[in-house]
1. Relative to the first principal axis of the alpha-carbon coordinates of the chain, what is the inclination of helix 76-87, with its axis defined by its Cα atoms, in degrees from 0 to 90 and to the nearest 10?
2. Short version: what are the Cα gyration tensor semi-axes of the chain, square root of 5 times each eigenvalue, largest first, in whole Å?
3. Would you pull out the residues with amide H under 5 Å of Leu27's amide H, same chain only if 5 or more places away, H placed 1.01 Å from N?
4. Can you give the percent of C-alpha pairs in the range 1-61 whose distance is more than 15 Å?
5. Any idea what the relative contact order of the chain is, in percent, if you count C-alpha pairs under 8 Å spaced at least 6 apart?
6. With runs of 4+ DSSP H residues as the only contributors, calculate the mean residue ellipticity of the chain at 222 nm using -39,500 (n - 2.57) per run, divided by the residue total and rounded to the nearest 500.
7. Using Cα pairs under 8 angstrom and six or more residues apart, how large is the relative contact order of the range 15-79, in percent?
8. Given the protein chains as shown and a 1.4 Å probe, how many square angstrom of Phe36 are accessible, to the nearest 10?
Amino acid sequence: MNAQNKSYDNMDVENFTRYLSNDSVQLVDVRTPEEFAEGHIAGAKNINVFDSDFVDEAEKALDKSKPVAVYCRSGKRSADAARELTENGFSVTNLEGGILAWKEQHQPISY
């Protein structure tokens, strides 16, 4: 398979926050339901990247015609999720540093 050099975008917290102000952006927390329950970004859908049917679940829950923003704890799992989703036709942006960076920047958390 011929992979693109960079199939999705990475954004720092400041740019990600601005990006989320666009109403059409679909926010996805790709951590486990347990991690999600410990605090997440407001408005996020929880679709666990570790689930074997991750892409199927995303295709059911998300609109491919709208941009998707993903995050996890530190940015690694969401980078994997971003790659998978992009390969399946989504336009994806990943939060660099994940929710740890989000909290470091004193951004709000929902429970």
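The values are calculated or read from the model by the stated rules, or taken from the named source; none is laboratory data. Bear in mind the structure is a predicted one, so any value in this text is a computation, not a measurement. Keep in mind that these areas ignore ligands, DNA and RNA; they rest on the heavy atoms of the full protein, side chains included. Shrake-Rupley method; radii C 1.70, N 1.55, O 1.52, S 1.80 Å.
1. That helix lies at roughly 40 degrees to the long axis.
2. 20, 15, 13
3. Excluding prolines and chain starts, which carry no amide H, the hits are Lys45, Ala69.
4. Values: 1128 of 1830 pairs.
More than 15 Å apart: 62 percent of the Cα pairs in the range 1-61.
5. Values: 188 pairs, mean separation 37.5, N = 111.
Relative contact order, the chain: 34 percent.
6. Details: 5 runs with 40 residues, N = 111.
It lands at -9500 deg cm²/dmol.
7. 40 percent
8. We get 40 Å² for Phe36.
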